[in-house]
1. Identify all residues within the range 98-134 that are of a type in the set (Lys, Arg) and surrounded by 15 or more Cβ atoms within 10 Å (Cβ to Cβ); write none if there are none.
2. Cβ-Cβ distance below 8 Å, separation of 6 or more or different chains: which pairs start in the range 35-46 with a residue that is over 11 Å from Leu198 (Cα atoms) and end on one that is open to solvent by 80 Å² or more (accessible area, probe 1.4 Å)?
3. Please go through the range 72-83 and pick out each residue that is under 18 Å from Asn119 (Cβ atoms) and open to solvent by 30 Å² or more (accessible area, probe 1.4 Å).
4. Do we have any residue at all in the range 93-116 that's at pLDDT 90 or above, at negative phi and not in a loop (DSSP other than H, G, I, E, B)?
5. So, in the range 236-265, of the ones that are open to solvent by 40 Å² or more (accessible area, probe 1.4 Å) and touching a residue at least 60 places away in the same chain (Cβ under 8 Å), which residue ends up farthest from Ala294 (Cα to Cα)?
6. Of all residues being open to solvent by less than 40 Å² (accessible area, probe 1.4 Å) and either farther than 23 Å from Asn289 by Cα or not hydroxyl-bearing (Ser, Thr, Tyr) (or both) in the range 61-71, which is farthest from the chain's Cα centre (by Cα)? Just the residue, please.
7. Being under 8 Å from the mean Cα position of the chain (by Cα) and within 29 Å of Glu168 (Cα to Cα) is the filter here; which residues of the range 114-130 pass it?
8. Considering only the range 26-60, state which residues are exposed (fewer than 11 other Cβ atoms within 10 Å of the Cβ), hydrophobic (A, V, I, L, M, F, W, C) and at pLDDT 90 or above.
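The values are calculated or read from the model by the stated rules, or taken from the named source; none is laboratory data. What you are looking at is a predicted structure, and each value in this text was computed from that prediction instead of being measured. Using ideal geometry, Cβ is built from the backbone for each residue, glycine included, and neighbour counts are taken over all protein chains shown. Surface areas here come from the heavy atoms of the whole protein model, side chains and all, with no ligands, DNA or RNA. Shrake-Rupley method; radii C 1.70, N 1.55, O 1.52, S 1.80 Å.
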Amino acid sequence: MEFFNNHTKLFRTAFFFFAGLTLLVAILPAINNQQINKALPNAAVMSDDAIKGKQVFIANGCVACHTQQVRNVDMDRTWGSRPSIAADYAAIKRTDVWRNTATLMGTERTGPDLTDVGNRQPSIDWNLVHLYNPRAVVKESIMPAYPWMFTLKQHLEKGDVVVTVPKEFLGGKEGKLVASPEALQLVAYLQSLKQTPLPDGTPSPEFLYKRKQATAAGTAAPTLDGAAIYTANCQSCHQANGEGLPGAFPPLKGSPVVTGDNLELYIGIIMNGYDARAEYGVMPAVGTNANLTAAEITALINHERSSWGNSAKPVNEADVKKLMDFVKLRSPK
């Protein structure tokens, strides 16, 4: 009983017990994980601007609403091409000696997951407009605006990056909206968030609990929903009404590309992106980035050709497949 009455021995024993337990349960396994988990061999190194943008991301609490983890359940398929694995985070280091917020995996999805957002939405023009006021491109968005990262200027200076925003979001003020270095760094960080492909021959983890669509015996497979594909991949820029944003993203309503007969040009834009008109932002390679199939692109094109007053004749999957293979061969490497 003398041991329990001697507070020095009691507290010293308790201290060494918990210190040893911490070493055994937490520290040694963490060191072991660092030694056996390596980044994927083709993982890209973040640029200096992206590293600074990560600090802006942390400072503004973006992790409170956005995760960076694609779970292995089918409902997460929209956020990445595969479930996340330990190697995706192996090259990420501590913020500093005091803070361990490096992975930013998050626990809540008030906003969409950002694991592969650099592929889903690589457009710097869209990201800057969205950062200034999310409602300018996504009317239903609940994300807060970050106008303090932008300056309204009457006279532009060399190196200024102008952001085209609809006038109603400028509060009646005149001038050119210019992105601050912090805004550009944050966008650089977002653009760097891309899932690294697994090395050739490495099996990709499967998504679990896949949703199955039952079809009656003798009936055709269900038709793909072109409107849903448009909403997921195109609506954020071209808008639900197909009218785009003046000066930022072109309209699809009444577009000669959409309603015309040059299907090769149309599919080439979807698969390889488009940067031929200075008055609009650069369109990313949506079809390639999202790995859209010929059937999905066919459904998407037919939706666009028959919506918002457009009345062009539908296209068939066989023609789309041939042209997809052709434009891939012509795409820049």
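1. Arg120
2. Ala44/Lys194
3. Matches in the range 72-83: Arg77, Thr78, Trp79, Ser81.
4. For the range 93-116, residues at pLDDT 90 or above, at negative phi and not in a loop (DSSP other than H, G, I, E, B): absent.
5. Pro246
6. Ranking the qualifying residues of the range 61-71, first place goes to Gly61.
7. Correct list: Leu114, Val117, Gly118, Arg120, Gln121, Pro122.
8. Those that are exposed (fewer than 11 other Cβ atoms within 10 Å of the Cβ), hydrophobic (A, V, I, L, M, F, W, C) and at pLDDT 90 or above: Ala26, Val45, Ala59.
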